[in-house]
């Protein structure tokens with residue numbers, strides 16, 4: 001009886017060890033699920049330092065650059081520079097500005113990009129100097145001359161529609177250019193397929209420079225993206241950590257992503 005109990009105990013220990021090993025996660029590359037096939041494009045520095053990885057991501061996302069609805073291949077890009085004056089330098093940028101299906105609006109508004117939030121977004125052509133005069137020394141636009149941020153929150157969430165429709169969509173890859181990432185491990189992009197996280201990826205540091213991150217998923221559908229920009233909010237009198245403040249203030253420029261395709 002004692003011998004049988006010892007054998008049973010040994011078998012239980014082996015089962016526990018196996019289950020423990022099967023639950024281990026590899027966080028070395030910033031993603032929580034090592035079995036997911038992904039391609040990471042990351043670079044930081046001045047504008048010339050990120051161009052190579054930016055173009056590599058463009059090749060992954062696909063050619064051509066689509067400028068009208070109806071595509072099934074290729075990619076989309078948003079650089080904010082075509083946003084009109086009535087939605088620039090104020091806090092009233094519409095959530096669906098680049099995801100409209102209104103027949104009265106031009107194709108430039110029909111890129112399948114939807115912002116999700118409960119406060120306001122801002123497109124700015126002054127490096128946010130109208131919020132605080134110190135900000136132009138911190139932030140620079142990659143594609144001149146407008147930048148983008150979420151006012152009241154440092155977490156921006158993006159979903160997708162088939163361009164010119166209200167049909168939910170997915171992409172195979174998504175990328176962002178950030179301006180002025182000072183502190184390691186604060187700024188990230190997390191990718192989702194529905195409620196399933198495909199991984200959290202850290203943004204490389206580039207104080208008063210540019211950081212580029214794009215991740216492609218050949219075998220997955222990206223339906224939502226969560227972007228964390230630093231750990232502070234732009235406001236009058238709030239200084240960046242590199243200007244004597246206590247928070248890393250980070251803003252965004254270009255968004256790039258593969259053509260949004262309908263969920264099936």
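Just so it is clear, none of the values below were taken in a lab; they were calculated from the coordinates. Treat the numbers as computed from the prediction; the structure is a model and nothing was measured. Positions of Cβ are generated from backbone atoms using ideal geometry, with glycine treated the same way; all protein chains shown enter the neighbour counts.
Here are a few things to note about the model shown:
- Selected from 216, 152, 237 as most flexible by GNM, with the chain as the system and alpha-carbon contacts under 10 Å: 237
- The chain: calculated mean residue ellipticity at 222 nm from DSSP helix runs of at least 4, using -39500 (n - 2.57): -4500 deg cm²/dmol
- In this structure, residue 104 and residue 168 have a Cβ-Cβ separation that, at R0 = 35 Å, corresponds to a calculated FRET efficiency of about 0.95.
- Degrees separating the helix 2-22 axis from the principal Cα axis of the chain, which is the longest one: 20
- Candidates 198, 213, 59, ranked by Gaussian network fluctuation over the chain, Cα under 10 Å, top entry: 59
- The calculated FRET efficiency for residue 85 paired with residue 37, based on their beta-carbon distance and R0 = 45 Å, is about 0.55.
- Contact order, relative form, for the chain: 25 percent (alpha carbon pairs under 8 Å, 6 or more residues apart, mean separation divided by residue count).
- Spread of Cα-to-Cα distances over 10 Å intervals beginning at zero, given as percent, for the chain: 7, 28, 33, 17, 6, 4, 3, 1, 0
- Helix 47-61 and the longest principal axis of the C-alpha atoms of the chain enclose an angle of approximately 70°.
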